[in-house]
Protein chains: 2
Amino acid sequence: MTITLDDIAKASGVHVSTVSRALNNAYGIHSDTRAKVLATAKEIGYRPNRLAQGLARGRSRTLGLVITDIRNPYWTEVARGAEDAAFAAGYDLVLCNSDLDAGKQTRYVYSLLEKRVAGILMNAVTGLTRSVQEDLAQWNVPVVLLNAPRKGSSFSTVTTDTFEGGFLAGTYLVRLGHKSLAVLTGRVERSNLTDRVKGFMKAVNSSGEGAVATVVIRGAHTSEGGYEAAKKLLANHPKVTAIFAANDVMAFGVIRAIYEQGLKVPENISVMGFDNLELSGIIRPPLTTIQCAKYEVGQAAVELLLKLAQQKDAQLPEHLVFGVRLVERESCRPPCK
Amino acid sequence: MTITLDDIAKASGVHVSTVSRALNNAYGIHSDTRAKVLATAKEIGYRPNRLAQGLARGRSRTLGLVITDIRNPYWTEVARGAEDAAFAAGYDLVLCNSDLDAGKQTRYVYSLLEKRVAGILMNAVTGLTRSVQEDLAQWNVPVVLLNAPRKGSSFSTVTTDTFEGGFLAGTYLVRLGHKSLAVLTGRVERSNLTDRVKGFMKAVNSSGEGAVATVVIRGAHTSEGGYEAAKKLLANHPKVTAIFAANDVMAFGVIRAIYEQGLKVPENISVMGFDNLELSGIIRPPLTTIQCAKYEVGQAAVELLLKLAQQKDAQLPEHLVFGVRLVERESCRPPCK
DNA sequence: CTGAAAGCGCTTACAG
DNA sequence: CTGAAAGCGCTTACAG
């Protein structure tokens, strides 16, 4: 039923190995032969069996993308960039939502390995036990991490300068005159968030303006998480005049919580996000936030992965960092006295 | 370097075919043998080569998901539902963003076919030429479409009752007292949108209230598309008091355009969406919209796909339709006189 | 430049 | 219940 190399071989009167070479554009093939093979392949509607190809070559043209959750708009953008780059290179992308669950993450990784993927893009290896991480390194399949590099790790990374982003945010709010600031961040495991918090803290504490950002509240990095964290914050720390949410989605929840209390943004409380999602410019008030690469991160990560995959043996890990920029919109202003 | 069935066979003193049967839990294996094989497999860290398995079995445990764009939150939800269902069944999901581009769609389909996927989930087959569609049917791989069934098509579908959704929206706005309504919809090819517009029109025209919804403006089904369409509408049809956007994302853009004109929602103009995205309850004003299944659509589509894949030969197509429900929030009210 | 053969790592009738 | 063998559809040294 399905058409194989052998069918082309018979139809064009050459050996199957010659057909293979012609199709793969290998050296040492007479151009007439190649032309004939290509023509009959097209004529009889040949479609290569990628499974057989992968088995023979020892590697498939597939990439794995393991992220927390595709529903987080940040990852959605990253995924789109990754998929576009993969498609452009003739690879396809397997989507894996780990929910940052160690068990799922591990299962995904082994599943990808078993498929002999050409490379793996991952959110983070936090959650993978040391033994799984070693296993992963043993398999000698290129891995690019999408979070900040950890010292001693052998994995490459493509990421954003989140520390700088946090620093910009902190500097901006302090300049606006805020003295009592709060940070809403995600769970501890997400080192990314920690970096932006560190940057923010540094800006606030080193400003010499007497501003303080003692309040750090942790919640899920979702709009619901932001909402809950903000409610807690408003109840316990009424003097806070500016809130830095660790990402825009959390900021959306923060704004909702503030309005529910009968307060307004930015009149009563300033709110800043991080990520600059498309929607952040659309909601009201338009959100002041930190612009960072998302699509480009996914794209660059795939390109790096493919480059690593091209190389013979394991190489030194590479680290790519994208810059950030503050996007001033309407959700922040000086505190009212 | 990699561990194969043969290694297990040697290590446990049985033939490779016995190892295969033990691992696959086939009938007619002595339980002691199985136990021993399983134990040594685990001990030496065996990982099956899915490529070889797929080749031998003639099918891989992979599913393809071809959608317009993962960045559209509607598809994001569908994709997550699909991925969860696939993961639960031990399959993985290849993500394909077609942008509704005929060429890309075609390339994706063939790419999936070449990988011998167990099934394909697709946005729509519009864009595929008749010959590609026939080709697809020939391959005998189950396909589930995520849009309304077309008569004469042999593909199964899992979808939402968008006509009813449009009807609910129209009925609601007319009851509120609106006489001059507008619809903002997407490009013509997206039959889904057409159905919801038809339902809306029917409700308005059959209301007996003298309401009219003549204005239909087409734009991209993105927030930008909604923004542009609304600007045009506001300029040319100042009497319109209610706008039905074909999806929530467009509605976000509509609201932005209205505020930019110095008007307010719902004070001056009511706005309704369709989809009930998570963000629709978070923005201000919270959006009145039509709730429809998204995650569940993806999930059900994968389950149907897997069911079809289980069956021997081609079956009659199945059609699953999810119901809808109006979610009343704050973006609509009676028109001011 | 091309053919013949072995091999990639599994599965699955076929014997026994 | 288990072994031996053929086969899935390619690729790739090895000869010539």
- request: Give the Rg/Rh ratio for the range A:88-220, taking Rg as the radius of gyration of the Cα atoms and Rh as the Kirkwood radius, to two decimals.
  value: 1.10
The range A:1-59: C-alpha pair distances exceeding 16 Å, %: 39
query: Can you list residues whose amide H is under 5 Å from A:Val212's amide H, if they're 5+ apart or on another chain and H is modeled 1.01 Å from N?
result: A:Ser180, A:Leu181
message: Just to confirm the number: angle between the C-alpha axis of helix B:73-88 and the first principal axis of chain B, 0 to 90 degrees, nearest 10?
response: 20
- line: With Cα coordinates, the longest principal axis of chain A makes an angle with the long axis of helix A:223-236, in degrees rounded to 10, of 20
message: Restricting the calculation to Cα positions, tell me the Rg (one decimal) and the Dmax (whole number) of the range A:1-116 in Å.
response: 19.2, 56
task: May I ask for the angle, rounded to the nearest 10°, between helix A:31-43 and the longest principal axis of chain A, with both axes built from Cα atoms and the value confined to 0 to 90°?
output: 70
- line: Amide H proximity to B:Thr159 below 5 Å, modelled H, separation 5+ or other chain, gives B:Leu320, B:Val321, B:Phe322
field: Position A:Asp99, label points 7 Å along Cα→Cβ, spacing to each other copy in nm (shortest first, one decimal)
entry: 3.4
query: A:Ser153 label points, 7 Å along Cα→Cβ, one per copy: pairwise distances from this copy to the rest in nm, shortest first?
result: 4.3
- line: With R₀ set to 45 angstrom, the calculated FRET efficiency between the beta-carbons of B:Glu43 and A:Arg187, to the nearest 0.05, is 0.80
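Can you tell me how the range B:56-107 classifies by the Cα gyration tensor, rounded, prolate or oblate, using a/c under 1.5 as the rounded cut?
Values: a/c = 4.74, a/b = 1.29, b/c = 3.67.
Note, shape of the range B:56-107 comes out oblate.
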- request: Run through the other copies and list how far each one's label point is from that of B:Val321, in nm with one decimal, shortest first; the point sits 7 Å from Cα along Cα-Cβ.
  value: 5.7
Along principal axes, Cα extents of the protein assembly as shown, largest first, whole Å: 81, 67, 56
task: Output the Cα-based Rg and Dmax of the range B:162-291 in Å, rounding Rg to one decimal and Dmax to a whole number.
output: 12.9, 35
task: Collect residues whose amide H, placed 1.01 Å from N in the peptide plane, falls under 5 Å from the amide H of A:Val143; neighbours closer than 5 in sequence don't count.
output: A:Ile120, A:Ser156
query: Dipole size in debye (nearest 20) for the range B:45-200 around its Cα centre, Lys and Arg Cβ +1, Asp and Glu Cβ -1?
result: 140
task: Over chain A, consider all pairs of different Cα atoms and compute the Kirkwood hydrodynamic radius from their mean reciprocal separation; express it in Å, one decimal.
output: 22.4
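No lab work stands behind these numbers, since they all come straight from the coordinates. Since this is a predicted model, take the numbers as computed values, not measurements. For neighbour counting, all protein chains shown are included, and Cβ atoms are generated from backbone atoms with ideal geometry for every residue, glycine included.
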